[in-house]
Amino acid sequence: MNDPVNDLVEVRPGVYRDSVTLMRVSRALTDRPGVAVAVVAMATELNLGLARDLGFAVPPATPGDLLVAVRAASPAELEDAAAELERQLAARAPASGTRGEAPPRTTRSAARAFEASLALVSVPGEHAFAEALDAVEAGLSVMIFSDNMPVEQEILLKDRARAKGVLVMGPDCGTAVVGGAGLGFANVLRPGPVGVVAASGTGAQQVTSLLDLAGVGVSHVLGVGGRDLSAEVGGRSAVQALRALDEDPATELIVLVSKPPAPEVARAVRDLDLATPVVAALLGPGQDDLTTAAEKVLRALGRDVPEWPSWPAPASRPNTAGALRGLYAGGTLCAEAALLAGAGDFTDFGDDSYTRGRAHPMIDPALRLEALRGVASGVVLMDVVLGHGADPDPSSWLAPAICDAVDRGVHVVVAVVGTDGDPQGLRAQAARLNEAGAAVFTSNAAAARHARLLAGG
Amino acid sequence: MTLSMLYGEPRVITVGAQVLGEALDRQAVPRREVDWRPPLPGASGALARVLADPRRESANATAVGRMLSARPMLTGVRPAREVLGLKAGEFFHAGPPITWERASGPMRGALVGAMLFEGLAATPEEAEDRLASGAGITLDSCHHHRTVGPMAGVVSPSMWMLEVADAEHGGTAYCSLNEGLGKVLRYGAYGPEVIERLRWMGEVLGPALAAALERCGPLDLRTLIAQALQMGDELHNRNRAATSLLVREIAPAVVEAAPDHAAEVLRFINGNDHFFLNAGMAAAKVSADAARGVPGSSLVVAMARNGTDFGIQVSGLGDRWFTGPAGVPDGLYLGGYGPDDANPDIGDSTITETAGLGGFAMAAAPAIVRFVGGEVSDAVAATTSMYEITMAEHPAYQIPGLGFRGTPAGIDVALVARTGLLPVVNTGIAGRMAGTGQVGAGLVSPPAGAFTAALDALADG
């Protein structure tokens with residue numbers, strides 16, 4: 001039984017931190033010696049239940065309160081953990097503005113006090129509409145990183161935005177580069193002539209990272225949200241973004257990255273009559289893969305297509321053919337790999353059903369690690385996406401797990417999407433994963449073909 | 001389409017996951033972080049519907065624009081019987097409608113006092129019996145009759161009313177004359193000295209002020225309030241500057257119009273730092289009323305308490321009240337009184353906060369932070385937090401200490417639900433027991449439920 005003396009359970013009314021921040025705080029506490037378990041989370045039903053299941057005596061609370069539940073081996077260690085908790089929370093308290101005034105509580109209020117060019121919304125999806133609408137009403141373009149937004153809210157926002165002459169990027173928009181600033185999950189890309197309109201975040205990251213490796217940079221990367229080119233949303237943002245890039249003197253060529261659009265939307269996009277050439281990277285059966293699309297762009301610009309960097313697995317291990325498991329963080333990368341591999345069991349851990357109430361797998365590796373540890377034989381194909389916003393050092397947790405998998409006789413193939421400018425360092429990450437025993441590719445398509453081969457396909 | 005964000009330096013507002021904001025910091029991208037919290041529990045569905053209402057943006061601009069452009073003028077002082085058509089046995093009271101059965105101590109005390117004052121009962125016991133039986137008695141909310149009353153806010157036919165006209169939109173509003181502090185009717189006292197004072201106010205004070213105003217002409221309250229804010233009043237718990245300015249404006253006319261009573265009239269007004277409160281309330285009422293009835297608007301046009309319920313009305317929702325239990329103020333107590341003696345929040349004086357004064361203008365009145373044992377910085381924090389839940393900044397009512405920024409004005413039900421920030425209300429505290437009078441003054445929070453109920457109604461509309 002648990003000794004309640006070494007339990008710290010408290011509810012802090014009205015204290016709010018976002019889920020990623022709280023995950024980091026929980027992890028920092030759990031990593032301390034003598035701490036058995038630490039739950040620092042908003043007091044949602046889900047989290048209260050989790051704490052109760054762990055045996056904590058949880059007092060009543062509302063989702064607007066912060067729940068703290070820590071169990072340590074000794075009272076002294078509990079006291080240390082409590083002190084660390086205060087440090088962590090204080091370090092992650094919302095920043096106040098200049099002159100020490102209270103920070104704004106809504107996007108509307110922030111827009112009044114700060115001359116912004118755009119807003120980045122990543123609150124939980126059910127609350128994202130209010131913040132995004134604030135931005136649009138204040139005359140700001142907005143990137144909605146949040147997912148789980150109802151489609152009617154998306155349409156309404158995009159219609160209001162068009163009337164105001166601003167762009168809604170999202171919802172569920174994972175990446176954008178605007179005026180050199182990387183938003184959301186964003187690779188560090190050199191400036192250049194290619195403008196990107198993307199209904200697929202990791203798809204855009206793959207294309208732009210390969211272009212960067214080939215020495216070609218971007219003007220802007222404008223995400224539009226995964227549903228934008230569906231019949232329902234009708235390409236509202238894609239059309240606006242294409243027109244905007246067409247007007248931009250820095251953009252010489254436009255790449256449209258998307259799943260195949262609804263036919264009427266494809267027609268509308270084709271009929272735009274743009275002066276700037278457009279290369280479409282439309283993922284799907286019978287379409288170019290993302291790497292081929294990037295190569296088309298290079299040719300269109302009159303540039304050479306390089307050999308995409310890859311690091312073959314050390315050949316010392318015995319081969320055991322077997323089933324192919326795809327463990328992906330990027331949705332488009334997952335779909336592309338599944339298509340090219342032809343067979344196998346693919347999971348997109350970035351799908352809404354895995355991210356409700358927890359952080360994206362590019363930040364929180366727990367679910368994917370668990371899945372990797374569960375593979376006993378055969379071939380595992382994974383992606384690692386680098387850049388701002390993503391895990392600061394993915395190889396630190398992935399390399400040991402790959403080592404173990406390889407020891408079990410599992411083939412591990414990794415597609416690393418990133419650039420030399422990324423804070424994690426593309427080549428350093430690739431090298432560490434490769435040393436752990438994985439075959440590493442910068443082209444997801446190449447990784448998938450390699451995995452297919454290993455699986456005997 | 002030219003998309004302005006593609007040109008020039010990116011500057012980003014971030015709201016949500018801190019990790020994405022930190023990624024911008026590492027790129028040295030200038031940004032402002034929103035201190036976001038989840039909305040009031042259960043409000044998110046209604047919020048989405050209210051925010052999506054295509055009428056909302058322009059409806060709110062219209063409604064708050066009317067409130068801020070109102071030009072309240074003090075035009076006269078007249079008996080309630082004449083201007084409000086009150087008949088014997090009819091009483092108005094503060095807050096949303098209430099019955100004798102549900103009325104709190106001070107509300108009952110004030111009604112008893114009004115019965116005695118009107119000669120409808122000879123003793124307090126007789127008055128109580130008649131009020132309890134309801135025979136020949138009609139109670140109604142002041143707000144239903146273009147009227148506001150401080151604390152119990154009881155208005156009876158023989159009381160004299162300040163008349164305030166809106167020179168911009170043509171509305172009119174009324175408020176009774178302020179009796180002073182201590183044992184007074186509005187705090188539920190009904191002893192002989194209370195009734196005697198009311199008589200004198202009806203026989204001497206009211207007529208003298210009426211005659212003086214006829215002589216000196218309408219008084220521009222918008223200008224007077226603007227000046228008082230710059231002299232350290234917030235126009236709810238502190239009216240010292242405004243009262244002084246009022247006296248300066250009308251004293252010569254009082255002397256000319258009522259030479260026999262001038263000294264006692266001016267002495268009475270000078271002896272009550274809150275004399276202006278009632279004029280300020282009528283000014284706020286006429287301004288807020290100008291904003292009523294705009295379909296789709298989520299602007300609060302009245303906040304009022306009857307000692308039992310705290311109620312609000314919203315521009316886009318007609319005359320419906322949305323109520324929750326009135327809270328007990330947190331403040332300083334007079335003499336030997338303490339929190340146990342306090343009645344729940346009472347009075348229409350929250351019309352001042354509704355119009356961007358009172359608690360919302362607290363930064364203008366650092367002297368009153370004593371009431372809550374706080375620091376001057378608390379007053380500044382109270383005002384600045386109200387910008388989060390208001391639609392606009394008042395063009396005329398400015399706060400010197402905030403660089404002459406306009407006071408936060410025009411409460412948005414949707415912003416209250418989004419931020420969970422409730423209006424800051426300064427208030428007097430009435431004794432729980434009928435007949436006690438004032439026991440203190442302080443701050444009080446409205447019930448969040450009144451705002452979420454109004455939000456639900458907007459969502460259904």
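The values are calculated or read from the model by the stated rules, or taken from the named source; none is laboratory data. On a predicted model such as this, the values are computed, not experimentally measured, just so you know. All Cβ positions, glycine included, derive from the backbone under ideal geometry; neighbour counts span all protein chains shown.
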If you take the residues of the stretch A:51-69 that are in a helix (DSSP H, G or I) and surrounded by fewer than 18 Cβ atoms within 10 Å (Cβ to Cβ), which of them is modelled with the highest pLDDT? A:ARG52
Residues being within 18 Å of B:GLY76 (Cβ to Cβ) and in contact (Cβ under 8 Å) with a residue 40 or more places away in the chain: count how many of those fall in the stretch B:227-260. 6
Does any residue of the stretch A:426-445 turn out to be at positive phi, within 14 Å of chain B (Cβ to nearest Cβ) and in a loop (DSSP other than H, G, I, E, B)? no
Taking only the stretch B:1-16 into account, find how many residues are over 24 Å from A:GLN240 (Cα atoms) and either more than 7 Å from chain A (Cβ to nearest Cβ) or surrounded by fewer than 24 Cβ atoms within 10 Å (Cβ to Cβ) (or both). 0
Among residues belonging to the stretch B:349-367 that are crowded, with 24+ Cβ neighbours inside 10 Å and not small (Gly, Ala, Ser), point out the one that is farthest from the chain's Cα centre (by Cα). B:MET362
For the stretch B:17-46 the number of residues that are of a type outside the set (D, E, K, R) and facing chain A (nearest Cβ under 7 Å) is 14
All but one of (1) within 17 Å of A:MET169 (Cβ to Cβ); (2) within 14 Å of chain B (Cβ to nearest Cβ); (3) in contact (Cβ under 8 Å) with a residue 40 or more places away in the chain hold for A:ARG243; state the number of the condition that does not hold. (3)
The listed residue being outside any loop (DSSP other than H, G, I, E, B), touching a residue at least 60 places away in the same chain (Cβ under 8 Å) and either in the same structural domain as A:ALA231 (by TED's automatic domain parsing) or more than 23 Å from A:PRO193 (Cβ to Cβ) (or both), out of A:ALA280, A:ALA293: A:ALA293
Taking first residues from the stretch B:387-412 that are assigned by TED's automatic domain parsing to the domain that holds B:THR350 and within 17 Å of A:ALA111 (Cβ to Cβ) and second residues anywhere that are acidic (Asp, Glu) and in a strand (DSSP E or B), the pairs with Cβ under 8 Å that are 6 or more apart or on different chains are B:TYR387/B:GLU393; B:ILE389/B:ASP412; B:THR390/B:ASP412; B:MET391/B:ASP412; B:ARG405/B:GLU393; B:PRO408/B:GLU393
For B:VAL50, indicate whether it is more than 9 Å from chain A (Cβ to nearest Cβ), surrounded by 18 or more Cβ atoms within 10 Å (Cβ to Cβ) and under 30 Å from A:ASP65 (Cβ atoms). yes
Which condition number does A:ALA116 fail, the rest of (1) crowded, with 24+ Cβ neighbours inside 10 Å; (2) modelled with pLDDT of 95 or more; (3) more than 7 Å from chain B (Cβ to nearest Cβ) being met? (3)
Regarding A:LEU189, is this residue within 14 Å of chain B (Cβ to nearest Cβ) and in a loop (DSSP other than H, G, I, E, B)? yes
Sort through A:ASP172, A:ASP147 and tell me the only one that's modelled with pLDDT under 95, away from chain B (no Cβ under 11 Å), under 21 Å from the mean Cα position of the chain (by Cα) and surrounded by fewer than 24 Cβ atoms within 10 Å (Cβ to Cβ). A:ASP147
Run down A:LEU157, A:LEU85, A:LEU167 and say which single residue is touching a residue at least 12 places away in the same chain (Cβ under 8 Å), of a type outside the set (Gly, Ala, Ser) and within 7 Å of chain B (Cβ to nearest Cβ). A:LEU167
Examine the stretch B:336-348 for a residue that is under 16 Å from the mean Cα position of the chain (by Cα) and more than 25 Å from B:THR99 (Cα to Cα), and state whether such a residue exists. no
What number of residues within the stretch A:98-113 satisfy the criterion of being facing another protein chain (nearest Cβ under 7 Å) and either under 23 Å from A:ALA359 (Cβ atoms) or among the hydroxyl-bearing types (Ser, Thr, Tyr) (or both)? 4
For the stretch B:233-260 the number of residues that are on the phi > 0 side of the Ramachandran plot and surrounded by fewer than 18 Cβ atoms within 10 Å (Cβ to Cβ) is 0
Over the stretch B:210-249, the set of residues of a type in the set (Gly, Ala, Ser) and in contact with an Asp or Glu (Cβ under 6 Å, 6 or more places away or on another chain) is B:ALA241, B:ALA242
Condition check for A:ARG17: assigned to a helix (DSSP H, G or I) and of a type in the set (Lys, Arg): no
Out of the helices (runs of 4 or more DSSP H) lying entirely within the stretch B:207-315, which hold 2 or more residues that are within 30 Å of B:ALA459 (Cβ to Cβ)? B:277-290
Conditions: (1) surrounded by 23 or more Cβ atoms within 10 Å (Cβ to Cβ); (2) within 11 Å of chain A (Cβ to nearest Cβ). B:ALA80 meets all but one. Number of the miss? (2)
Got a number for residues in the stretch A:402-457 being within 22 Å of A:ASP391 (Cβ to Cβ) and of a type in the set (Lys, Arg)? 2
Failed item in (1) at pLDDT 95 or above; (2) more than 30 Å from B:THR243 (Cβ to Cβ), with B:ALA135 passing the rest: (1)
Boolean, A:LEU426 is among the aliphatic types (A, V, I, L, M) and over 24 Å from the mean Cα position of the chain (by Cα): no
Picking from B:VAL425, B:VAL413, the residue that is more than 14 Å from chain A (Cβ to nearest Cβ) and out of contact with any His (no Cβ under 6 Å at 6 or more places or on another chain) would be B:VAL425
Please verify whether B:GLU163 is in contact with a Gly (Cβ under 7 Å, 6 or more places away or on another chain) and at pLDDT 95 or above, treating the condition exactly as stated. yes
Considering only the stretch A:201-224, I want to know if a residue exists there that is buried (at least 24 other Cβ atoms within 10 Å of the Cβ), out of contact with any helix residue (DSSP H, G or I) (no Cβ under 9 Å at 6 or more places or on another chain) and more than 14 Å from every other protein chain (Cβ to nearest Cβ). yes
Members of the stretch A:297-329 found to be at pLDDT 90 or above, closer than 23 Å to A:GLN429 by Cα and not polar (S, T, N, Q), listed by number: A:PRO306, A:GLU307, A:TRP308, A:PRO309, A:TRP311, A:PRO312, A:ALA313, A:ARG325, A:GLY326, A:LEU327, A:TYR328, A:ALA329
Check on B:GLY437, at pLDDT below 90, surrounded by fewer than 19 Cβ atoms within 10 Å (Cβ to Cβ) and either in contact with a helix residue (DSSP H, G or I) (Cβ under 9 Å, 6 or more places away or on another chain) or not assigned by TED's automatic domain parsing to the domain that holds B:MET115 (or both): no
